[in-house]
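Engineer: So that we are looking at the same thing, I have put the structure below in structure tokens.
Nothing in this text is a laboratory measurement; each read-out follows from the coordinates by a stated rule. As the structure is a prediction and not an experimental result, all values here were calculated from the model. As a convention, Cβ positions derive from the backbone with ideal geometry for all residues, glycine included, and neighbour counts pool all protein chains shown.
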Amino acid sequence: MHRNASFRGEPAPLLRSTASLVSRLALALVGALASAAAAQQVEVEEFTLDNGMKFLLVPRSDQPNVIAAGWLAKVGSVNERPGITGISHFFEHMMFKGTNTIGTRAPEEDEAFRMRQKEIRDRINALVWGEQYARYFRGEIDDPWNAANDTPELSRLRAELKQLMDDHREVIVKDEFDAVYARMGGSGMNAFTSHDLTFYFVNVPSNKFELWAWMESDRLDDSVFREFYAERDVVHEERRLRTESTPTGMFQEQFDSLFWVSSPYSWPVIGWTSDLNSYTKEEAWRYWDVYYRPNNLVGVIVGDFDPIEAKATIERYFSRLRRGESDPPPVVTLEVKQIAEQRMNAECDCQPQVEVRYHTVPFNHADSFALEVLAEILNGRTGRLYKGLVEGREIASSARAGQEGRKYAGAFSFDAEVRGDATPAMLEEAWYEILAELQENLVPAEELQKVKNRVAADNFRRLQSNFFLLVQLGYFEGLGDWRYINEAPRRLQAVTAEDLRRVAQKYFAPTNRSVATYLRKAGAAPVDEELAALDARAQGMVRQMLAQIAAIEDEAMLAEMVMRLEAESSRVPPDFKPAFDIVLRRAKARLAELGG
Amino acid sequence: MLTTTLLAAIFTLAPAVSPDLPARPEEIEFGVLRFETPEASQFRHELSNGVPVYLAPSREFPLVNIALSFKGGDDLDPADAVGLARATAAMIRRGGTTTVSAADLDERFDYLAAIANVGAGKWATSANLNALSSNLDEATALFFDMLRHPAFDQSKLDIWKAETLERMRQRNDDAGPILDREWAALLYGRDHFEARQITRQSLDAITRARMEAFHARICHPGNVIVAVTGDFEVSDMLERLERLLGKGSGWAKGEPVPDPPPPQATFAPGTYHVEKEIPQGKVFIGMRGIARDDPDYFAALVMNDILGGGGFTSRITRRVRSDEGLAYSAGSRLAPEVWYPGEWRAGFQSKNETVALATKIVMEEIERIRTEPVSDEEIETSISQFVETFPRSFESKPAMLSIFVNDEWTRRPPGFWKNWRENVAKVTKEDVRRVAERMLQPDQIAIFVVGRWDEIYPGDRAGRASMSDFFDGNVEHLPLRDPLTQQPVN
């Protein structure tokens, strides 16, 4: 009844001859690869339980003994609103905190602890949102959430909450969810949250599929949001790690917010800090009730299993989940049309770089395939960006382009980092020239075929790993439909040179672009090209002299110093001449700054 | 028929909660997983000139993956030309062949939809070809021409150097790479290949002539092991490799390269710091560890797993992240080296004011595992996890062959994998304590912090810890190093 999945399309009769390159191109233009790509199919057994939970099964035996299993909730930051930004991601953390069975020694006491913590945290929130926010708005404190600015009442409540959380540990079996999987051979257990979906996954030995069904249906049925308040600190650390401590993280976050005007994609998946502090349990439960009901969930299983047995196990366990009273509300806010160029000029401890981003189309839109192929024309070492910017003009050290189709909207980005003395402005200008070429002329047939060959082969490559296949099926289903995995190859092969020119003209208008330029922050970089070329001893001496020069405010004094240096110039030993010249040049520049 | 209808009706009306489910996962009765550890000999062949070849066909996809492992990488870099191995690897791939220009080589690989990569690692250089089986003839011909007759096109070398220079400029932008570099220098000495860095000067010293010599030294049939997976017949592949790499290929067999040298530096314990203005301190705490073939290897594996290597079931992760919420990522790793002792280290990142507190917790846990036996539950969980997840190491054929290739280069004793689960299962609580006491000596520990010292040093507001708690408050403040010269910056 259930056949094993087959991924084997007809091998592409590509280039076998030793003929010249031109004749090879002609040979391949016959479209051999297109048929190979179109023939490739992932065979998925799809079924839906009475409660609305859908499952996708892909049995395959090439990698024996292991099953990759996961489920996704069709919810991400796009479903949030100001005030609860980041809550979808926070749920991802909460889902590992156990149930009334997993994670506690005494469910009733455990619940009592949770209730008492909630009462105190609600009072803390009320005080911060009221008194502390008012003080902040009046300019009396710099951060309403910082404990250093606490009123005595807040301090007392915070200490009380901390004590309760410490006491709570007596009835918690710490991280038992992880421990159970670990003991029974689960591995690679994790989850991720995106703008559009949340995905939970693990690998289990083939004989332990029932363990997965037990564990996952239990947490979907009975999660209790244990350690709701303590886990926030972990998420704050995650935010510091991923966003605040990286060279461009904070700027990219703000660029996203600038780019998306009306769409809920404008806030970060991890959420704004003030919202992270503000979640209440009521909000969490409301969110749960809407988005974590089986009618909004999809399970995906790939690997070495018997589909008949797996289906029976799934029905046995996941049928206990209660369907939501109604389906999740639609996301109704559409991104408004951009009407003027937007620009962000940033300075950071980073390589000077540029990003030019355009509003395009969502996942599976008819034009998304041409935009994907267009990105491939630009990327790679034989792509136009590398050839044009890295090799040709020698102004970039790296350059890439990409179309990202999300569920409700999409964007196309070009980004590149400078090489040598080049500037982000030069990279930006060069991009517009490359773009103009694509807007005016058709991509030559052989160049397009080369990209299609690569895309076709990559379609095979990305199906090889069970786990990667699981993630792709879940991801595509979360964005709209898992069948994309089978349909996209054909649609990518169907893209024509005319399509590429049409989308380049349609989406890459100046009024539809947002530009971020990043310059290295003055003084932040220890990189000093000229100094770097000197030996360590000379560097030290030059640095010291430059620091003295920088400190001089008296124009006359500096002018005299420059004069003396110039007089000495001819007598400087050859070894020290490069260092001396740097000092002299910088002194003159400083003098010019002072108006001399 | 009636029965079927009734059953269907009952099923439809059944309550959502099934009363017959096991109350806990431990009550589930699982079938037996039959897993036979694969033996290298099942897959090993030899070409006429003795080149070892591992073959594992799989016909699911029309793709073939050919992986060549040449011994020698960073360890062979001359002191004045650090980066030579990486440059040579990159230029074998990018610099064309004596008969095909660099641009044509890229275009032809791309047109064939083949992916060819060459990269140098610490002590091996790998070359990989992933190609459609339908055009394997042309793809392998190109690939082996590239490996055997690289042209090292000067203009491509210039571009590679420029790209490398730009990456070097970013060395101090992120705290993570600063910590990695300085930690390696502390552990192995700045002049050992584990810690050496490319500088502008060493980049300038890399020339075509030196790359040609390096290539001649490592890329030959006397210094290579081949692994092939994917869509092929074993006999066909052996014939193909014989033509390309065997006696008849005319590719002269040189000498294998020597094993990597051990570090000479003496590790100096203490607290170290490099200043970086970020809201979160990044920390390593650790020391030199054991070598791979150490008799305590299995005990150390389990000990590290319980201490910090096992994720949420380990002590450091649980206390630093889960109990205290001080870090998103906290744990430890045991990294034994083959030819000399490697390292053990814990690592985390935490907001500046709680760096000291998290450090204190890690130090407490190190002390605890040295002095107290671990619990029954901990050791059972750890052993059980190792044993149960063992088959995953051999899950994919490329991963499995990569293990065998590595074992052959490093002369791993036979039977190692066959007895692996048994050896892990033998580890006792006393073994764990003993190896912890031997390996994690408090006076041999280094704490390395990258971050804002003025905010990190005082510790948390509640006064639970400060950096003065470690090594009597002594700290060696190390300078940030110029990204291009690696000389200290004032």
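Engineer: Starting from the range A:319-408, pick out the GluC sites (Glu not before Pro) whose DSSP state is loop and whose Cβ has at most 15 other Cβ atoms within 10 Å.
Structural biologist: Details: sites: A:E325, A:E335, A:E341, A:E347, A:E355, A:E372, A:E376, A:E391, A:E394, A:E404; in loops: A:E325, A:E335, A:E341, A:E394.
Those that pass, being in a loop and sparsely packed, are A:E325, A:E341, A:E394.
Engineer: In straight Cα distance, which lysines are under 28 Å from A:K311, not counting same-chain residues fewer than 8 positions off?
Structural biologist: A:K54, A:K74, A:K97, A:K208
Engineer: Would you kindly give the portion of the calculated P(r) for the range A:437-487 that falls above 19 Å, as a percent of all Cα pairs? Each step should come with its number before you reach the end.
Structural biologist: Details: 583 of 1275 pairs.
Taking all Cα-Cα pairs of the range A:437-487, the fraction more than 19 Å apart is 46 percent.
Engineer: Measure of size requested: the Rg and Dmax of the range B:194-300, with Cα atoms as the atom set and Å as the unit; please supply both.
Structural biologist: Rg, Dmax (Cα atoms, Å): 22.5, 62.
Engineer: Summarise the long-distance tail of P(r) for the range A:306-429 by giving the % of C-alpha pairs beyond 27 Å. Please list the in-between numbers first.
Structural biologist: Values: 3450 of 7626 pairs.
Tail of the P(r) past 27 Å holds 45 percent of the pairs.
Engineer: Quick one: what are the phi-derived ³J(HN,Hα) couplings along the range B:305-315, Karplus 6.51/-1.76/1.60 with θ = phi - 60°, whole Hz, x for glycine and proline?
Structural biologist: Ordered by residue, 3J(HN,Hα) equals 4, 6, 6, x, x, x, x, 5, 8, 9, 5 Hz.
Engineer: With contacts defined as alpha carbon pairs under 8 Å and 6 or more residues apart, what's the relative contact order of the range A:222-290 in percent?
Structural biologist: On the way: 23 pairs, mean separation 16.8, N = 69.
Relative contact order comes out at 24 percent.
Engineer: Which ³J(HN,Hα) values, rounded to whole Hz and listed in residue order, are derived for the range B:418-429 from phi using the Karplus coefficients 6.51, -1.76 and 1.60 in 6.51 cos²θ - 1.76 cosθ + 1.60 with θ = phi - 60°, glycine and proline given as x?
Structural biologist: Couplings: 4, 9, 4, 4, 4, 5, 5, 5, 7, 5, 10, 4 Hz.
Engineer: Just to be sure I follow: if Rg is taken over the C-alpha atoms of the range B:37-93 and Rh is the Kirkwood radius over the same atoms, what is Rg/Rh? It would help to have the intermediate numbers written out before the result.
Structural biologist: Details: Rg = 16.5 Å, Rh = 14.7 Å.
Here Rg/Rh amounts to 1.12.
Engineer: Follow-up. Give the residue from B:S329, B:W344, B:A356 lying farthest towards the positive end of the charge dipole for the range B:287-395; charges sit on Cβ (+1 for Lys and Arg, -1 for Asp and Glu) and the dipole is referred to the Cα centre.
Structural biologist: Farthest towards the positive pole: B:A356.
Engineer: Could you size up the charge dipole of the protein assembly as shown around its Cα centre, putting +1 on the beta carbon of Lys and Arg and -1 on that of Asp and Glu, and report it in debye to the nearest 20?
Structural biologist: Result for the protein assembly as shown is approximately 1560 debye, rounded to the nearest 20.
Engineer: Also, quick follow-up: Once phi is turned into ³J(HN,Hα) by the Karplus curve 6.51 cos²θ - 1.76 cosθ + 1.60 with θ = phi - 60°, what whole-Hz value does each residue of the range B:229-240 show in order, with x for glycine and proline?
Structural biologist: 10, x, 8, 7, 8, 4, 5, 4, 5, 5, 4, 4
Engineer: Oh, and also: Taking H placed 1.01 Å from N in the peptide plane, check which residues at least 5 places from A:L56 or on another chain put their amide H under 5 Å from its amide H.
Structural biologist: Amide H neighbours of A:L56: A:G299, A:V300, A:I301.
Engineer: Taking 8 Å as the Cα distance limit and 6 or more residues as the minimum spacing, I'd like the relative contact order of chain A as a percentage.
Structural biologist: 19 percent
Engineer: To the nearest µm²/s, what D does Stokes-Einstein give for the range A:302-364 at 25 °C and 0.890 mPa s, using the Kirkwood radius over alpha carbon pairs as Rh?
Structural biologist: On the way: Rh = 18.8 Å.
It diffuses with D of about 131 µm²/s by this estimate.
Engineer: What does the helix-only formula give at 222 nm for the protein assembly as shown: each DSSP H stretch with n ≥ 4 adding -39500 (n - 2.57), the total divided by the residues, and the result rounded to the nearest 500 deg cm²/dmol? Intermediate values should be presented prior to the final figure.
Structural biologist: Details: 39 runs with 448 residues, N = 1086.
-12500 deg cm²/dmol, from helical runs alone.
Engineer: Report, to one decimal in Å, the Kirkwood hydrodynamic radius for the range A:386-462 based on all distinct Cα pairs. Present the calculation step by step, with values, prior to reporting the outcome.
Structural biologist: Details: mean 1/r = 0.0693 Å⁻¹.
Result for the range A:386-462, one decimal place: 14.4 Å.
Engineer: Hey, what's the per residue convex hull volume over the C-alpha atoms of the protein assembly as shown, in cubic angstrom? If you can, show how the numbers build up before the last one.
Structural biologist: Numbers: hull volume 219.3 nm³, N = 1086.
Per-residue hull volume (Cα only) is 202 Å³.
Engineer: Residues with amide H under 5 Å of B:E476's amide H, sequence separation 5 or more or different chain, H placed in the peptide plane at 1.01 Å from N; which?
Structural biologist: HN-HN under 5 Å from B:E476: B:T271, B:Y272, B:H273.
Engineer: So what is the relative contact order for the range A:186-301, in percent, with contacts set as C-alpha pairs under 8 Å and at least six apart?
Structural biologist: Relative contact order for the range A:186-301 comes out at 18 percent.
Engineer: Let me ask you something else. What is the distance, in nm, between label points placed 7 Å from the Cα along the Cα-to-Cβ direction at A:E282 and at A:F468?
Structural biologist: 4.8 nm
Engineer: Using Cα positions and a limit of under 13 Å, work out the aspartates and glutamates in reach of A:K407, with same-chain residues fewer than 8 apart set aside.
Structural biologist: By straight Cα distance, A:K407 reaches A:D196, A:E335, A:E477, A:D481.
Engineer: Where Rh denotes the Kirkwood radius from the mean inverse Cα pair distance, what is Rg over Rh for chain B?
Structural biologist: Working: Rg = 26.7 Å, Rh = 25.8 Å.
Looking at chain B, the ratio lands at 1.03.
Engineer: Right, another one. So, with +1 on the Cβ of K and R and -1 on the Cβ of D and E, and no other charges, what is the size of the charge dipole of chain A about its Cα centre, to the nearest 20 debye? Before the final figure, lay out the partial values.
Structural biologist: On the way: 72 positive and 91 negative charges, 269 e Å.
Dipole magnitude for chain A comes out near 1300 debye.
Engineer: Convex hull over the Cα atoms of the range B:311-372, averaged projected area in nm²?
Structural biologist: The number I arrive at for the range B:311-372 is 4.9 nm².
Engineer: Give the long-range amide H neighbours of A:M344: residues separated by 5 or more places, or on another chain, with amide H under 5 Å away, using H modelled in the peptide plane at 1.01 Å from N.
Structural biologist: It is A:V515, A:A516, A:T517, by chain and number.
Engineer: Follow-up. Of all GluC sites (Glu not before Pro) in the range B:146-246, which ones are in loop regions per DSSP and have a Cβ with at most 16 other Cβ atoms within 10 Å? Please list the in-between numbers first.
Structural biologist: Values: sites: B:E163, B:E166, B:E182, B:E194, B:E212, B:E233, B:E239, B:E242; in loops: B:E194, B:E233.
Here the GluC sites (Glu not before Pro) that fit, given the DSSP loop and packing criteria, are B:E233.
Engineer: So how strong a dipole does the range A:316-406 carry about its Cα centre when Lys and Arg Cβ are +1 and Asp and Glu Cβ are -1, to the nearest 20 debye? Working shown, then result.
Structural biologist: On the way: 13 positive and 13 negative charges, 98 e Å.
Here the size comes out at about 480 debye.
Engineer: Output the antiparallel fraction of DSSP beta bridges having both residues in the protein assembly as shown, as a percent to the nearest 5.
Structural biologist: Details: 95 of 123 bridges.
Given both bridge residues lie in the protein assembly as shown, the antiparallel proportion sits at roughly 75 percent.
Engineer: Ok, one more. For the range B:330-409, state which GluC sites (Glu not before Pro) are in a DSSP loop and have at most 16 other beta carbons lying within 10 Å of their beta carbon.
Structural biologist: Values: sites: B:E337, B:E343, B:E353, B:E364, B:E365, B:E367, B:E377, B:E378, B:E380, B:E388, B:E395, B:E408; in loops: B:E395.
For GluC sites (Glu not before Pro) across the range B:330-409 that sit outside H, G, I, E and B with at most 16 neighbouring Cβ atoms in 10 Å, the list is empty.
Engineer: Of A:K452/B:K397; B:K71/B:K253; A:K337/A:K521; A:K387/A:K452; A:K387/A:K450; A:K174/B:K360, which pairs sit farther than 23 Å apart, going by alpha carbon to alpha carbon? Show your work: numbers first, answer last.
Structural biologist: Working: A:K452/B:K397 28 Å; B:K71/B:K253 14 Å; A:K337/A:K521 33 Å; A:K387/A:K452 19 Å; A:K387/A:K450 15 Å; A:K174/B:K360 20 Å.
Listed pairs above 23 Å: A:K452/B:K397; A:K337/A:K521.
Engineer: Starting from a Cα-only point model with no solvent, please compute log10 I(q)/I(0) by Debye for the range A:361-493 at q = 0.14 1/Å.
Structural biologist: -0.72
Engineer: Averaging over all projection directions, find the projected area of the Cα convex hull of the range B:89-132 and quote it in nm² with one decimal place.
Structural biologist: Working: hull surface 12.7 nm².
Its average projected convex-hull area is 3.2 nm².
Engineer: Quick one: if the Förster radius is 25 Å, what FRET efficiency do B:T99 and B:E239 give, using the C-beta to C-beta distance and rounding to 0.05? Spell out each step's value before the answer.
Structural biologist: Details: r = 24 Å, r/R0 = 0.95.
After rounding, the FRET efficiency stands at 0.60.
Engineer: What is the mean number of Cβ atoms from other protein chains located within 10 Å of the Cβ atom of each residue in peptide B:131-142, rounded to a whole number?
Structural biologist: Rounded to a whole number, the mean comes out at 4.
Engineer: Continuing with the same structure: When N is the residue count of chain A, what does its C-alpha Rg come to as a fraction of 2.2 N^0.38 Å? Don't jump to the answer; show the numbers that get you there.
Structural biologist: On the way: Rg = 29.7 Å, N = 596, 2.2 N^0.38 = 24.9 Å.
In units of the globular-protein estimate, chain A measures up at 1.19.
Engineer: If I histogram all Cα-Cα distances within the range A:237-309 using bins 5 Å wide from 0, what percent of pairs lands in each bin?
Structural biologist: The percentages, shortest bin first, are 3, 11, 14, 15, 15, 14, 12, 7, 6, 3, 0.
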